[in-house]
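The values are calculated or read from the model by the stated rules, or taken from the named source; none is laboratory data. Computed from a predicted model, the values in this text were never measured in an experiment. Here the Cβ is made from the backbone with ideal geometry for all residues, glycine too, and neighbour counts use every protein chain on show. Keep in mind that these areas ignore ligands, DNA and RNA; they rest on the heavy atoms of the full protein, side chains included. Shrake-Rupley method; radii C 1.70, N 1.55, O 1.52, S 1.80 Å.
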Amino acid sequence: MFKLTSLNLNGIRSATSKGVQTWLDQQRPDCICVQELKAQAADMQGRFEQLAGLTGYFHHAEKKGYSGVGIYSRHTPSDVRVGFGNAEFDAEGRYVELRFDSPARKLSLISAYFPSGSSGQERQQAKFRFLAAMHPHLMRLKAEREFILCGDINIAHQPIDLKNWRGNQKNSGFLPEERAWMSQLLGETPDGGLVDVYRRLQPDATEACYTWWSNRGQAYANNVGWRLDYHLATPALAALARSEQIYKGEKFSDHAPITLGYAFSL
């Protein structure tokens, strides 16, 4: 089984101080996709190039203490792609892709951090621009290779993906336009066709599916959460998913790690 974890760290220094490295040592994933490093290359040097015996590959934001994604892998990739060719969002450190190509197959693992629009209309419009650029990129990728994109998508797709769906229909993360984007991506049409792998294994999970909780009030204690963290895969890879776990035994971040096991090897 290929064990693949995704986690928004909400700062790698913060998450490691809360024990994420010890947990990873115990879990021994083959690969972990991380988001919101909140660190520059100089901050990582000598401290975070490796995590739990895995080697890291990163896309840092130009702005200090902001965004940033990475993939820690037990296996050496054949190629590393940093950014997805969009100047506005590549400056924000939101996409890194490891390729594990062989004569028999083309396969990529991607860590992505989609923008949040919750801070106001300006960032919401940026989020819409990101979605508009990301969709054709993923469709081009799907036409040429198998892939799994792990990441904080910052969208709850369906009412079962968040606690208070009725009250959040006008809030970023559950807007009709964002949900429609997800539906198109996951639709069985030429401009869709990706699979929400967790939902393939757990089609009806509600309160067990949440991966993010607000720091306000008692959201975590009362499990008033959202499912914002996904594995999105091409159909052939999604069909190989065998197990899923959202780990809530410890709190490393305002997000929980989501781990899926796939019946393939790199």
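Details
- Global geometry of region 140-266, whether rounded, prolate or oblate, following the gyration tensor of its Cα atoms and the 1.5 cut on a/c: oblate
- Accessible solvent surface per residue of the chain, calculated while the other protein chains remain in place, 1.4 angstrom probe, Å²: 42
- A crude spin-label estimate for the pair Gln45 and Lys106, with each label 7 Å from Cα along the Cβ direction, gives 3.6 nm.
- Cα-based radius of gyration of region 103-179 once divided by 2.2 N^0.38 Å, which approximates compact folds: 1.29
- Between region 58-106 and region 33-52, the Cα center-to-center distance that results, in Å: 13
- Rounded, prolate or oblate (a/c below 1.5 giving rounded, otherwise prolate when a/b exceeds b/c) for region 59-122 by Cα gyration tensor: prolate
- Of the GluC sites (Glu not before Pro) found in region 201-266, the ones in coil according to DSSP and having at most 14 other Cβ atoms within 10 Å of their Cβ are Glu250.
- Positive-end residue, the chain charge dipole about Cα centroid, Cβ charges, pick of Ile155, Leu232, Tyr95: Ile155
- Partnerless Cys - the chain, beta-carbon criterion under 4.7 Å: Cys31, Cys209
- Restricting the calculation to Cα atoms, region 1-129 yields a radius of gyration followed by a Dmax of 14.9, 47 Å.
- Packing around the peptides 67-75, 80-88, taken as the average count of other Cβ atoms within 10 Å per residue, puts them in this order, highest first: 67-75, 80-88.
- Electrostatic dipole magnitude of region 46-161 [Cβ: Lys, Arg +1; Asp, Glu -1; Cα centre; debye, to 20]: 100
- Within the accessible area of the chain (1.4 Å probe), percent carbon and sulfur: 48
- Simple Cβ-charge dipole of region 174-255, Lys/Arg +1 and Asp/Glu -1, about Cα centre, in debye nearest 20: 240
- Mean-position separation - Cα centroids, region 205-266 and region 141-203, in angstrom: 13
- Stokes-Einstein, applied to the Kirkwood radius of the chain over Cα pairs at a viscosity of 0.692 mPa s and 37 °C, places its translational diffusion at 178 µm² s⁻¹.
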